[in-house]
Amino acid sequence: THRRQESARLITELSSRVDGMVIMDRTVSDSTISAIADSGIPIVLLARSAIGDLPSVRSENQIPAIELMTHLTKDHCYRSFAFLGDPQIAYDVTERWRAVNKVAHEQNLARPKLIRCGYRQQDGYQAAQKLVTQGTLPQCLLCANDEVAFGVYQALRENNIRIPDEIAVTGWDDIPTSELISPPLTSVQQPTQQLGDLAAQKLI
């Protein structure tokens with residue numbers, strides 16, 4: 001849906017032409033999903049908080065985020081962070097943002113700066129350009145996914161800011177193309193195949 005304004009109408013119309021739906025993340029509101037479910041269409045939620053008794057498939061986000069932050073603070077001694085993403089529009093990112101703040105609080109670090117942005121490469125590029133323009137870069141940029149991180153790499157490279165010598169960047173998902181960028185991207189691997197398999201099994 002790419003969060004188009006007409007997403008609710010499009011998904012509601014689609015529900016009358018299919019035997020079941022896997023609805024991922026916060027693409028549409030709870031009320032829209034409940035209305036579709038009330039029509040009798042089987043629904044499985046993916047990477048989204050539960051709605052009533054609808055089955056929901058989610059990965060663990062807080063523990064990996066805590067492990068990532070611990071690695072960055074303990075092994076690399078980073079003390080200042082910015083988080084690029086929008087917890088309000090993605091359940092998984094909400095969980096990661098909470099964990100990042102939890103670690104920062106426990107280690108008496110300044111609260112990471114939240115840079116709200118979408119989840120595509122261009123969104124990460126624009127968010128990083130904004131940070132560079134402000135002139136107050138933290139030691140590490142935590143990106144909500146790898147696509148955002150790719151955009152951050154592009155912006156930093158254009159501004160002659162070296163990774164990781166001057167600033168560290170992390171991603172999330174460990175998608176195959178993350179192996180192709182230089183320097184290598186530190187990214188948290190997501191069990192995307194397992195998530196999709198389980199969602200399909202539950203729907204069937």
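The values are calculated or read from the model by the stated rules, or taken from the named source; none is laboratory data. On a predicted model such as this, the values are computed, not experimentally measured, just so you know. Note that we place each Cβ from the backbone using ideal geometry, even for glycine, and neighbour counts take in every protein chain shown. Accessible surface areas use protein heavy atoms only, side chains included; no ligands, DNA or RNA. Shrake-Rupley method; radii C 1.70, N 1.55, O 1.52, S 1.80 Å.
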### Summary
When segment 1-47 is checked residue by residue, the ones that are part of a loop (DSSP other than H, G, I, E, B), farther than 19 Å from Glu95 by Cα and either polar (S, T, N, Q) or in contact with a Lys or Arg (Cβ under 6 Å, 6 or more places away or on another chain) (or both) are Thr1, Gln5, Ser16, Ser39
### Query
Within the set of pairs 6+ apart or on separate chains, which have a first residue in segment 48-75 that is under 17 Å from Ile89 (Cα atoms), a second that is among the aromatic types (Phe, Trp, Tyr), and C-beta atoms under 7 Å apart?
Arg48/Tyr91; Ser49/Tyr91
### Message
Just to verify a result, which residue in segment 118-172, among those that are among the β-branched types (Val, Ile, Thr) and out of contact with any helix residue (DSSP H, G or I) (no Cβ under 8 Å at 6 or more places or on another chain), is modelled with the highest pLDDT?
### Response
Thr133
### Task
Spot the failing condition for Tyr119; the list is (1) surrounded by fewer than 19 Cβ atoms within 10 Å (Cβ to Cβ); (2) closer than 24 Å to Ala155 by Cα; (3) of a type in the set (Ser, Thr, Tyr), and only one is missed.
(1)
### Summary
Conditions (1) free of Cβ contacts under 8 Å to residues at least 60 places away in the same chain; (2) within 30 Å of Ile41 (Cβ to Cβ); (3) not aromatic (Phe, Trp, Tyr) -> Leu137 fails only (2)
### Query
Which of the residues belonging to segment 157-172 are within 14 Å of His76 (Cβ to Cβ) and part of a loop (DSSP other than H, G, I, E, B)?
Ile163, Pro164, Asp165, Glu166, Ile167
### Summary
Restricted to segment 81-92 and to residues being at pLDDT 95 or above and within 16 Å of Val188 (Cβ to Cβ), the residue surrounded by the most Cβ atoms within 10 Å (Cβ to Cβ) is Leu84
### Task
For residues that are polar (S, T, N, Q) and open to solvent by less than 60 Å² (accessible area, probe 1.4 Å), scanning just segment 2-54, find the one that is farthest from Pro87 (Cα to Cα).
Ser15
